[in-house]
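Read-outs throughout are calculated quantities, based only on the coordinates presented, and are distinct from any laboratory measurement. Treat the numbers as computed from the prediction; the structure is a model and nothing was measured. Quick reminder, even Gly has a Cβ in these numbers, built from the backbone with ideal geometry, and neighbours come from all protein chains shown.
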Amino acid sequence: MNTTKTCLIFFLVVILANPLSNSNVLASSGVEATTSTVYICYIPCSPKYGTYECFHDCLYKRYHDGNCVNGRCCCS
């Protein structure tokens with residue numbers, strides 16, 4: 001009985017922790033690391049989603065800057 005209870009608690013923790021993870025960030029070659037700055041590139045830029053929207057989305061996600069680079073919104 002104790003093993004079943006432990007497994008159930010573990011399962012519920014995993015299920016409840018899943019929505020807390022950020023699923024909008026794509027693991028791709030868009031992540032570039034230099035000695036001073038890390039860029040996270042995730043959303044494709046388009047005529048409707050340009051530099052202005054990218055910049056404000058990056059600020060909302062608590063980055064210092066954001067810009068469209070190589071067709072993707074990159075935050076730093």
Margin query: Under 5 Å between amide hydrogens, which residues at least 5 positions from CYS73 or on another chain qualify, with H placed 1.01 Å from N in the peptide plane?
Written below: TYR42, ILE43, CYS45
Notebook entry, point to check: Fewest to most neighbouring Cβ within 10 Å: what's the order for VAL69, VAL38?
Noted result: VAL38, VAL69
